[in-house]
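Okay, structure first, notes after.
The values are calculated or read from the model by the stated rules, or taken from the named source; none is laboratory data. This one's a predicted model, so the numbers in the text were calculated from it and none came from an experiment. All Cβ positions, glycine included, derive from the backbone under ideal geometry; neighbour counts span all protein chains shown.
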Amino acid sequence: MKLSSRFTSLTPLVVLLLLAAVSSAQERPNILFIMSDDHTAQAVGAYATVLKDLNPTPTLDEIAREGIVFENAFCTNGICTPSRACIITGQYNHNNGVFDLGGRIEPENQMLPIAMREAGYQTAIVGKWHLKTEPNYDYYKVLPGQGKYMHPEFRVQGEAEWPKNTVKHPDQHSSDAIMDSTLEWFKTKRDPAKPFFVCHHFKAPHDFFENAPRYQDYLADVEIPEPSTLYDVPESWGSLATRGHNDELRPHIGTSIGSRNPRRSYSKDLYRLYPEEFPPGYDPNENSEVETTRLAYQAYLRKYLRCVKGVDDNMRRLVDYLKAEGIYDNTLIIYTGDQGFWLGENDYQDKRWAYDPSQRMPLLIRYPKSIPAGQRSDALVENVDFPALMLDYAGAQVPSSVQGRSFREVCESGKEPSDWKQEVYYRYWMHMAHHDNPGEMAMRTKQYKLIYFYGCNYEGKNQTPPAWELYDLQADPNELVNLAENPDYADTLEELKVRFAQLRVEVGDDGSHHPQCERVVQEFWDYSEADRAKAIELSKEFRQRREADLAKRK
């Protein structure tokens, strides 16, 4: 490298140090952060679920084999906008202010792309954005809101102010259009003199799973394996919060695959959208409950996995391009979903719950220069940790506002630091919105899941019955035996509640943001006999309100 004239008076040692610094900067990896929407770990082959034999994700499985798979990566709030806000700020939602789908992150608070730019990275984002305001990246091409599966439109930079500049991709599926757009950026806008930080965000496989037409025959004649709890869950599962008194809320808590929930179910919604996926003569009001659930599940999984197939095939295009350009092995590749998703377990659809199918995120990381291939880790990782990891690899300063922590040591050694976190925090705020999920908070360790359903909205109203649930994940990985009222676990429950209260302090969830809600949280925290009696009354009252609402709809 030729040095400029201003270096000629420096001592040889200083020159060597400068050269080392320049070389180190040049060796920093490119960073490619890929996130799908609602792509749950159960639908990634590397996680070896009941769907593995269908081979839905060969490209992602290749990335997994050549890097590290995280078994215990979790979102802190199982809904699209809050999850994305955690990743772009490195903060829990009660601190970044994005509690629900109405949240937004102003450009000046979009920590991650700002810090990457300051570290010398060229920044770009393509695909789903869902944070309302203009992205603070050097380049962006993002879907408005949720965006459309077919014929997508994107918001781009231009002469007019955000969000008025748009481009359309007629006759394309969003997964293809998003990948075309990312590849176009690489081919026409990437500066080879700089490392890049690119966020590539698929819309798929988000509900309601509109696949590209070319995948319509995929799995058409395949009987898709069913989860063991599709038709029923044991009586040991759940609580007053999720089942109601004497199971009176089973139809009303959590939307369903079959017709259990009369307000919203795939047996009706998918049939309305995709009648061709159901046999002739199908009638969700006439078929038996078991048959209705079976047929709805098969339609649901076919549509979902066709969208997953489109994601994986487009990932192959990206991998092949990076290899052809000689930048594949110098790129830190992170693949994840914005949260998990229910694939029929417990007859649930969507996400939102603190149970593992929706709290767990797939997380695959590949960077062969420092991450050995073929690793798996059970270290507890949260999405607020993702930006700290990326900034660490970028050699960037992690701002003091970031609550997450880099887990680079875990990636490169497969081992946790001695002071690594032993619990993760979860909170879902959108009480009984869209998919009939109660307000809840949870703490997960490697062995236990402790969930507190406090059951109210931001104003402390529209209450559902509060309850605690405790699961021993080593003995019961599917979370089917609630131990909260088991006397053998009474001491464990109290110890975990103390840890949980302390964790709330550590992450800064002090309740001050919504004090009426916090009042309810505190009222039922100890869960005395009087609290339980009041919860039973709340169960009856909510059932009456819901049944009255349903009657008005008819």
Hey, P387 modelled with pLDDT of 95 or more and either crowded, with 22+ Cβ neighbours inside 10 Å or not aliphatic (A, V, I, L, M) (or both) or not: yes
Members of region 376-396 found to be under 22 Å from R28 (Cβ atoms) and either out of contact with any Phe, Trp or Tyr (no Cβ under 7 Å at 6 or more places or on another chain) or not assigned by TED's automatic domain parsing to the domain that holds G326 (or both), listed by number: F386, P387, A388, L391, D392, Y393, G395, A396
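If you scan region 507-517, which residues turn out to be assigned to a helix (DSSP H, G or I) and in contact (Cβ under 8 Å) with a residue 40 or more places away in the chain?
Those that are assigned to a helix (DSSP H, G or I) and in contact (Cβ under 8 Å) with a residue 40 or more places away in the chain: V507, Q516, C517.
For region 230-248, how many residues are in a loop (DSSP other than H, G, I, E, B) and either surrounded by fewer than 22 Cβ atoms within 10 Å (Cβ to Cβ) or in contact with a Cys (Cβ under 7 Å, 6 or more places away or on another chain) (or both)?
10
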Failed item in (1) in a helix (DSSP H, G or I); (2) in contact with a Gly (Cβ under 8 Å, 6 or more places away or on another chain), with Q463 passing the rest: (1)
R532 under 15 Å from C456 (Cβ atoms), assigned by TED's automatic domain parsing to the domain that holds T464, modelled with pLDDT of 95 or more and more than 28 Å from the chain's Cα centre (by Cα): no
Filtered residues of region 331-382 (kept if over 25 Å from G258 (Cα atoms) and polar (S, T, N, Q)): T331, T336, S370, Q375, S377
Complete set of residues in region 18-50 that are buried (at least 22 other Cβ atoms within 10 Å of the Cβ) and either polar (S, T, N, Q) or modelled with pLDDT under 95 (or both): N30, S36, T40, Q42
Qualifying positions in region 484-515 - charged (D, E, K, R) and either surrounded by 14 or more Cβ atoms within 10 Å (Cβ to Cβ) or closer than 24 Å to N95 by Cα (or both): E485, K497, R499, R504, E506, D509, D510
Filter result for Y266 (in contact with a Phe, Trp or Tyr (Cβ under 6 Å, 6 or more places away or on another chain) and buried (at least 23 other Cβ atoms within 10 Å of the Cβ)): yes
Cross-chain or 6+ apart pairs with Cβ under 8 Å, region 418-434 first and closer than 16 Å to V381 by Cα and free of Cβ contacts under 8 Å to residues at least 60 places away in the same chain, then of a type in the set (D, E, K, R) and surrounded by fewer than 19 Cβ atoms within 10 Å (Cβ to Cβ): Q422/K446
Residue among P135, P195 that alone is surrounded by 15 or more Cβ atoms within 10 Å (Cβ to Cβ), farther than 25 Å from G310 by Cβ, modelled with pLDDT of 95 or more and touching a strand residue (DSSP E or B) at 6+ places or on another chain (Cβ under 7 Å): P195
Count - residues of region 138-177 that are over 26 Å from D191 (Cβ atoms) and buried (at least 20 other Cβ atoms within 10 Å of the Cβ): 6
Residue tally, condition within 16 Å of Q422 (Cα to Cα), of a type outside the set (G, A, S) and in contact with a strand residue (DSSP E or B) (Cβ under 6 Å, 6 or more places away or on another chain), over region 433-447: 2
Residue satisfying condition, being buried (at least 18 other Cβ atoms within 10 Å of the Cβ), assigned to a loop (DSSP other than H, G, I, E, B) and at pLDDT below 95, within set P251, P205, P284, P227: P284
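Here is a yes/no grid of residues against (1) surrounded by fewer than 20 Cβ atoms within 10 Å (Cβ to Cβ); (2) more than 24 Å from R306 (Cα to Cα); (3) in contact with a Pro (Cβ under 8 Å, 6 or more places away or on another chain); (4) not basic (K, R):
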position: K52; (1), (2), (3), (4): yes, no, no, no
position: T59; (1), (2), (3), (4): yes, no, no, yes
position: E62; (1), (2), (3), (4): yes, no, no, yes
position: V69; (1), (2), (3), (4): no, no, no, yes
position: A73; (1), (2), (3), (4): no, yes, yes, yes
position: T76; (1), (2), (3), (4): no, yes, yes, yes
Single condition R65 does not satisfy, out of (1) without any contact (Cβ under 8 Å) to a residue 60 or more places away in the chain; (2) over 17 Å from G337 (Cα atoms): (1)
Inter-residue pairs, beta-carbon under 7 Å, first assigned by TED's automatic domain parsing to the domain that holds F202 and of a type outside the set (F, W, Y) and in region 316-328, second part of a loop (DSSP other than H, G, I, E, B) and at pLDDT 95 or above, 6+ apart: V319/Y328; L322/Y328
Enumeration of residues in region 82-98 that are assigned to a helix (DSSP H, G or I), over 9 Å from the mean Cα position of the chain (by Cα) and under 21 Å from V198 (Cβ atoms): A85, C86, I87, I88, T89
Leading residue by the ranking (surrounded by the fewest Cβ atoms within 10 Å (Cβ to Cβ)) among those in region 355-372 that are within 12 Å of the chain's Cα centre (by Cα) and of a type outside the set (K, R): D356
Criterion (under 30 Å from L273 (Cα atoms) and either touching a Gly at 6+ places or on another chain (Cβ under 8 Å) or not assigned by TED's automatic domain parsing to the domain that holds V319 (or both)) met by exactly one of D176, D180, D171: D176
